[in-house]
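This report concerns only the one structure given below.
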Amino acid sequence: MRLLFGIIALVSLTGRGFHCSDVVDKLERIPYEFATFLGAFQSSNHSADLSYWKDQNCVYDLSKFGVGLQKDQQWALKVYDLWGKMPSGLSRGNYFTPGDFEQCRQLAIGPFGGHHCTVRFGFDSMKLPLDPLWLGICVPNTCKPELIKTLTDYFAQEYELDTVDGYNQSDFCYREKPAQELDGVAISAIVVLSCIGAAIVMCTLIEVLGMLLKIPIPQYLKDVSLYTGLATLFKTEPKAEKKTDTLDCVHGLRSFLMIQIIVHHVHHALRTIPVTDNVIRQDYFDSAGGVITYRVSALSADIFLVISAMLMTYGIMKELTLNSGKFNVWLLWLHRIVRILPAYAMLIYFWVAFGEHLGEGPLYRHVVQPTVDACTENWWTAILFVQNYVNPEQMCIPHTWYLSIDMQLYIVTPLLVYALWKLGVQFAPALALLMMASMVCVFATFSSNDFWLNPEMTPDREAHRLRSTYYATHARMSVWFFGIAFGYFLFRTREKQVKWSPVVLTSVSIFATALAGVIMFCATEVYKPPVVSELGDAFYESLHRVAWVGCHMWLIFMCVNGYGSVLDSFLSWTMWQPIARLSYCMYLIHYLVVVVTLGGYIQQPLFFTGVNVQFMSLGVFGITAVAALIWTLFIERPVLAIEKNIRLWVGKSQQ
């Protein structure tokens, strides 16, 4: 069924020559028949159904196009040349034929300008196992998208094709330099961002002039200067010879995890964009390499959670010890909010203001507009860090569900860490119980709802699964509590190297490596055919996250205590330190880079290969790094500098 051998078989020999298959001929003639239908629409019976006074200019221009096409006039042939034609590989998922998007919009020949639209036709009436065709057409710029959709449906009915509904035609129609006036949000964003940029540039000029003239410059100006910011971001420190509070290997691990997350979202985008070889793409994602690269890389978010919990626990333990059991939880929460919220809120502000203006392509509004609308309507759930529970189907910047979980757990963690500091290992059973409760909750949710992971369920059930077992804090908190326990262990052993016998170290290392291999093997079995049972999916979903982060925590333990060897040297490499400092802004921005570059700007179906995947991943990483550098210098660092100076001022005032 995947190949159109049935169509080819319809070609038969009669008499002396060939009789063309009716099905093949009908498929091949769809673009031309549609063009002639539009050209002759003025004289058809359907024209009486329209509000002619609204659409007469469009219908009149279409009739001129139809006459020109019948008479083989050069301008009309050039217009039709810009249309999409029937592509090869329809049965292999090559359903997207946009034509020439840019040339159509720049059209200035004949009696009208160009208007590129993408329309859809279905093939169920022809009893063909094909996806709906997405056909790019070039029509007069006097035609409104609503009329184009009406004419498309009329043609489908006459040509015995199926109409396709459920989409907004205006999201698929583009004119040259459309008149998109900036709204109030965009204007205000321009003003705000311009003021911020001007202030930071001014501080930079003051610092540079001060250096040249050897005039002392106040530290609060240096803190927001680009010169000092760049020097701080790219400053590297060699690995400490002895064990210290600085966990050098964590820099490399955070950087590597950030790369994995980018690779994961690039793969996620490539699963949905139009390609010319859908079968090859599906084979790639069903292969062991594709499953591991795409599915297992998603677990990097869980490792980020456990690292966050580990570092938070370590820091609170240190403060409790230095201050005899006292610490300022309000200051802790405030610093976290200042660290996370401003860069995040400004990104939402930027996206709502400029998301729809960042580019154009046949699918740009179709891909980008839903995320812009979600942020416009649900920005408040994002900045309150509750969007994983409130309207999760309309999540603003979808991948930031992680920030909601992180902030919610960050609020409750000080109480747990204090109990752990006070009771020590006696509190360990409580942490273990909380971990088990989270895993049991995931297993019970999967079992009671008959969820499975592969193949994807219906959209409603898939959204229910994500809402219940992927975005929910109670489903993810097991790895966080693992991080609390590990942070406590690192703090208690901070002053000296943990000396275990080579037999123990080797045995646990072999076990951790084997466990990581088992998890990757289970992923390939779950996500590639044949499909595993629902019970297997429930066990996998509830257990694999804790097991995966456990393997990585053992790696950190080995590196911190001097047993990491080559891996420790690699993860402690000073090159990772700048990337680690940029990792938060890279996390915020990379998804939008993927949406715009791989979804919005695509103008022709992609030829999918494994090599192309790597090139795109590297390209997205590079663009993200540059954008994150700008966002860090102009948004994140200035806010942190202001907070630091306010705290210093308050401290001096109290003294």
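The values are calculated or read from the model by the stated rules, or taken from the named source; none is laboratory data. Just so we're clear, the structure is a prediction, and the values are computed from it rather than from any experiment. So basically every Cβ, Gly included, is an ideal-geometry build from the backbone, and we count neighbours across all protein chains shown. Quick note on the areas: whole protein, heavy atoms, side chains included, nothing else; ligands and nucleic acids left out. Shrake-Rupley method; radii C 1.70, N 1.55, O 1.52, S 1.80 Å.
Mind checking which residues of the range 79-114 are on the phi > 0 side of the Ramachandran plot and open to solvent by 40 Å² or more (accessible area, probe 1.4 Å)? GLY110, the sole residue that qualifies.
Applying the condition of being more than 29 Å from the chain's Cα centre (by Cα) and among the polar types (S, T, N, Q) to the range 180-231 and asking which residue is modelled with the lowest pLDDT yields GLN219.
Contact map, the range 139-160: residues that are aromatic (Phe, Trp, Tyr) paired with residues that are assigned to a helix (DSSP H, G or I) and modelled with pLDDT under 90, Cβ distance under 8 Å, separation 6+ or inter-chain. Pairs shown: TYR154/PHE41; TYR154/HIS46; TYR159/LYS26. ALA198 - would you say it is in contact (Cβ under 8 Å) with a residue 40 or more places away in the chain, of a type in the set (Gly, Ala, Ser) and within 28 Å of VAL352 (Cβ to Cβ)? Criteria not met by ALA198.
Residues in the range 602-655 that are open to solvent by 30 Å² or more (accessible area, probe 1.4 Å), among the charged types (D, E, K, R) and modelled with pLDDT of 90 or more: ARG637 alone.
Do you know which of the residues in the range 153-177 that are more than 30 Å from PRO129 (Cα to Cα) and open to solvent by less than 80 Å² (accessible area, probe 1.4 Å) is modelled with the highest pLDDT? Full working, then the answer.
Here is the first cut: in the range 153-177, the ones more than 30 Å from PRO129 (Cα to Cα) are 174-177.
Narrowing further to those that are open to solvent by less than 80 Å² (accessible area, probe 1.4 Å): 174, 176.
On the way: TYR174: 90, GLU176: 73.
In this case the residue turns out to be TYR174.
Residues SER583, SER565: which one is at pLDDT below 90 and of a type in the set (S, T, N, Q)?
On the way: SER583 fails: at pLDDT below 90.
None of the others qualify; the one that does is SER565.
Considered as a group, the residues in the range 368-395 that are β-branched (Val, Ile, Thr) and touching a Leu at 6+ places or on another chain (Cβ under 9 Å) include one that is farthest from ARG339 (Cα to Cα), and that residue is VAL368.
Residue by residue through the range 455-485, note down the ones that are under 14 Å from MET435 (Cα atoms) and open to solvent by 20 Å² or more (accessible area, probe 1.4 Å).
To start, the set of residues in the range 455-485 that are under 14 Å from MET435 (Cα atoms) comprises 473-485.
Answer for the range 455-485, where residues must be under 14 Å from MET435 (Cα atoms) and open to solvent by 20 Å² or more (accessible area, probe 1.4 Å): HIS474, MET477, PHE482, ALA485.
When THR574, THR493, THR506 are checked against the criterion of being over 20 Å from SER300 (Cα atoms) and in contact with a Pro (Cβ under 9 Å, 6 or more places away or on another chain), THR574 stands alone in meeting it.
When ASP131 is tested against the conditions (1) open to solvent by 50 Å² or more (accessible area, probe 1.4 Å); (2) within 22 Å of LYS64 (Cβ to Cβ); (3) part of a loop (DSSP other than H, G, I, E, B); (4) not β-branched (Val, Ile, Thr), the lone failure is (2).
Which one is farthest from GLU360 (Cα to Cα), of the residues in the range 178-209 that are of a type in the set (Asp, Glu) and surrounded by 11 or more Cβ atoms within 10 Å (Cβ to Cβ)?
Step by step, filter the range 178-209, then rank; the result is GLU207.
Screening the candidates VAL508, VAL518, VAL526 for the property of being hydrophobic (A, V, I, L, M, F, W, C), part of a helix (DSSP H, G or I) and in contact with an Asp or Glu (Cβ under 7 Å, 6 or more places away or on another chain) yields one hit, VAL526.
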